[in-house]
Amino acid sequence: MSRLLLLAFFFVPFSCFSDVAEALVTIHPLESPNKEFKVDIGIGPVDQTSGQVYYKGKKILELHNLGFELANGEFVPTPLISKEFFEKRRTAEEKAVLWKRGGVGVTERSQFVRNSWKPPYGERDTIPENYSESVVTYGGMMKIIFRAYDEGVAFCYEFETKENEPITLKRELTEFFFDGDYPCWAVYSAQGVYEQVPLSKVKKGCERPLLVEVPDGPAISLGEARLVDFARMKFQPGEKPTQLTASLDGNVVIQGTGKPYRSPWRFVMAADHPGKLVEHNYMLLNLNDPSAIADTSWIKPGKVIREVTLTTEGGKACVDFALDRNLQYIEYDAGWYGHEYDDASDATTVTVDPKRNPKPDPLDLPAVLEYAKSKGIGVLLYVNRRALEKQLDELLPLYKKWGVSGIKYGFVNVGSQQWTTWLHDALAKTAKYELVVDVHDEYRSTGWERTYPNLLTVEGIGGNEIRPTTQHNCTLALTRTLCGAGDYTHCWYQTDTYKGTRTHQLATVVVFYSPLQFHFWYDRPQSYKTEPELDFWKTIPTVWNETRVLNGEVGKYATFARRTGDEWYIGTISSGEKRTLKLPLDFLDKGKKYEATHYSDVIEERLKVRIDRKPVDANTVLDLTIAPEGGVALRIIPLP
């Protein structure tokens, strides 16, 4: 039997089904618990099988050619044969021929999950997990698992393996077909700048998740979840203008263990508005395995200031600043153990790169660690991937012994199966030593922080390090946030790192969620001048009980509201011209009185912030006036 596995399990337009000989196509509808999503799974003796995904009764896309080509060029382009058709063949010879043609597609089982779970931290304190599942088996070679969630549709492959018989996948063949040449928001590196283009103009290497906006709705997101030991998927153009095809970063070798092997999930989410997609980004977490860490009490989210002088004095000054400004961590950045790009640098030693600290002022890291501990402040250490790849097993017990709280992984290799596997193995090892992690540069999470919540945050976002425009920020707010936490590296005093107003910058800590959130990225403690508006950053937490996206238009503006306990924090960021928005506060508890501290732009004075306090309740509608490239920040607390 051929080991290719192109499982061309997907869906032709059903108008074609009437032409199929003997009309033996079997349709397996799979519907989400809330009835908003449906995927019609079609299996039959046709030249090309396909399927359709619906949202609120409207077809939003078709999925074709699910499957893979093997490294030896084999695949099965012939149809899958329905069980009903197979059973009509009278002889064993006929059955054997059909089996070899592509296998018998059988709906093996279905299940219905109605659940919710509580993460140790997040954008919300309770996550609903409601879906219907069908598993389809093909001739004993492979299964495709389909799920229809209340938030979207997902599918993955489960390979049957034999001991000592690895399977090498050369390419994935999945195709996503849309009805029109709709606008989408394409970016080609995790920290790159997005551009709005029609689907027909998408180039190879387009990042995920990808936001597609259908005129008159809905908004659709395509992406990947539970990428752990597989090659990363991106998107490339297909043969037709409205078609996108999955593209893997290299071959995938599935080891012959004799146990089933499950691929990452591919998902399709849809909602009436991009902001609602962001509210539903927990679907990626649901597609990952439950936490592998039994006791997560040691995992502490918080705010961080970066220490770049690489001195004892600088470290202690950052600790004092962190204590005063309600930050929970300091981080020693690149250079504390030598030049980060020098393979000879030894991350088990404190050997400061003289180019980073030319002064004859040695870094007494143990003294800083002890001082920080006495003040209740954690210390993170940056380690470049060169040292991590060589020394990880030596570093982890050593840093635990030193009293380090966590590691920031720098410039990790991403994309290939080899480096995907290495990174996730490394994160699991780090958890054993109770160290939290921030992965910087091109890595984007696919929800694995559910399984290993010591992965507090990742970069994979074009934050202040790239000197972003406000349009870029307003695009990130409704695109990049679809896959969760993004370490945006917020700045304040280094005003050349951001193009918007101070109030715009103030609001970014609400818009961009990151359980480990860097404040004052290019700033130093001595820059602080007791500005009252910075109390907004002082009081704000980094994790939440509830998150809502109140309004927004990609690239133009967005308003996020997040609740901690009975307090709300609201951030609006805007791009382009002066803007006025109405903001109903109907999400507040009815019958309860609140006070809002309102931080707003001083029109024509980019670096000034106006502060007003006013009583509000659930009936209040705020009139927001936002300067060009401006923003609004609000803290709403209940009155006694």
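Across segment 585-601, in residue order, what do the Karplus-derived ³J(HN,Hα) couplings come to in whole Hz, using 6.51 cos²θ - 1.76 cosθ + 1.60 with θ = phi - 60° and x for Gly and Pro?
9, 6, 7, 5, 5, 5, x, 10, 9, 9, 10, 10, 8, 10, 9, 9, 6
Given 355/432; 204/276; 58/203; 59/276, which pairs have Cα atoms separated by over 26 Å?
355/432; 204/276; 58/203
Please give every one of the lysines within straight-line cross-link reach of residue 592, meaning a C-alpha to C-alpha distance under 19 Å, and leave out same-chain neighbours fewer than 8 residues apart.
Here the lysines satisfying the reach criterion relative to residue 592 are 614.
On a full-extension model of 0.36 nm per residue, what is the gain between residue 320 and residue 351, subtracting their alpha-carbon distance, rounded to one decimal in nm?
Gain on stretching residue 320 to residue 351: 8.8 nm.
Could you calculate the contour length gain from residue 196 to residue 593, that is, 0.36 nm times the residue separation minus the distance between their Cα atoms, to one decimal place in nm?
138.7 nm
Which FRET efficiency value, to the nearest 0.05, do you get for residue 72 and residue 294 by plugging their Cβ-Cβ distance into 1/(1 + (r/R0)^6) with R0 = 45 Å?
So the FRET efficiency works out to roughly 0.55.
Treat segment 413-556 as a sphere of radius equal to its Kirkwood radius over Cα pairs and apply Stokes-Einstein at 10 °C in a medium of 1.306 mPa s; give the translational diffusion coefficient in µm²/s, rounded to a whole number.
97
Determine ³J(HN,Hα), in whole Hz, for all residues of segment 200-210 in sequence, where each value follows from phi through the Karplus function 6.51 cos²θ - 1.76 cosθ + 1.60 and θ = phi - 60°; x replaces Gly and Pro.
Along segment 200-210, the couplings run 5, 9, 5, 9, 4, x, 5, 5, 10, x, 10 Hz.
With the cut-off at 29 Å, tell me which of the pairs 143/429; 303/499; 375/408; 118/303; 499/582 have Cα atoms farther apart than that.
Where the Cα-Cα span goes over 29 Å, the pairs concerned are 143/429.
Points 7 angstrom from Cα along the Cβ direction at residue 581 and residue 528: gap in nanometres?
My value for the distance between the label points is 2.9 nm.
Which FRET efficiency value, to the nearest 0.05, do you get for residue 133 and residue 164 by plugging their Cβ-Cβ distance into 1/(1 + (r/R0)^6) with R0 = 35 Å?
The pair residue 133/residue 164 has a calculated efficiency of 0.65.
Taking the Cα centre of the chain as origin and charging only Cβ (+1 Lys, Arg; -1 Asp, Glu), how large is the dipole, in debye to the nearest 20?
Dipole size: approximately 500 debye.
Based only on other Cβ atoms within 10 Å, what is the fewest-to-most ordering of 158, 239?
Listed from fewest to most nearby Cβ atoms, that is 239, 158.
Using Cβ contacts closer than 10 Å as the measure, can you line up 514, 374, 110, 132 from fewest to most?
374, 110, 132, 514
I want to check the label-to-label distance for residue 535 and residue 203. Put each point 7 Å from Cα in the C-beta direction and report it in nm to one decimal.
Taking the two extended label points, one gets 4.9 nm.
Over what distance in Å are the Cα centres of segment 182-238 and segment 508-557 separated?
27
For the chain, what does the helix formula give at 222 nm: sum of -39500 (n - 2.57) over DSSP H segments with n ≥ 4, over the residue count, nearest 500 deg cm²/dmol?
Mean residue ellipticity at 222 nm (helix-derived): -5000 deg cm²/dmol.
Along the positive direction of the dipole of segment 568-638 (beta-carbon charges: Lys, Arg +1; Asp, Glu -1; about the Cα centre), which of 603, 618, 581 reaches farthest?
In segment 568-638, that residue is 618.
For each of 537, 185, count neighbouring Cβ atoms within 10 Å of the residue's Cβ, then give the residues from fewest to most.
Going from sparsest to densest Cβ surroundings: 537, 185.
Working out 0.36 nm times the residue gap between residue 189 and residue 116, then minus their Cα-Cα distance, what length gain in nm do you get to one decimal?
Between residue 189 and residue 116, full extension yields 22.9 nm more.
Sort the following peptides by mean Cβ neighbour count (other Cβ atoms within 10 Å, averaged over residues), highest first: 562-569, 478-485, 604-611.
Top to bottom by mean Cβ count within 10 Å: 478-485, 562-569, 604-611.
Tell me the label-point distance for the pair residue 394, residue 466, using the 7 Å Cα-to-Cβ offset, in nm and rounded to one decimal.
Label-label distance for residue 394 and residue 466, simple model: 3.6 nm.
Given a Förster distance of 30 angstrom, what is the FRET efficiency for residue 401 paired with residue 257, based on the Cβ-Cβ distance and rounded to 0.05?
E(calc), rounded to 0.05, equals 0.25.
We did not get these values from a lab; they are worked out from the coordinates using the rules stated. Just so you know, these numbers come straight off a predicted model, no measurement behind them. All Cβ positions, even for glycine, are placed from backbone atoms using ideal geometry, and neighbour counts span all protein chains on display.
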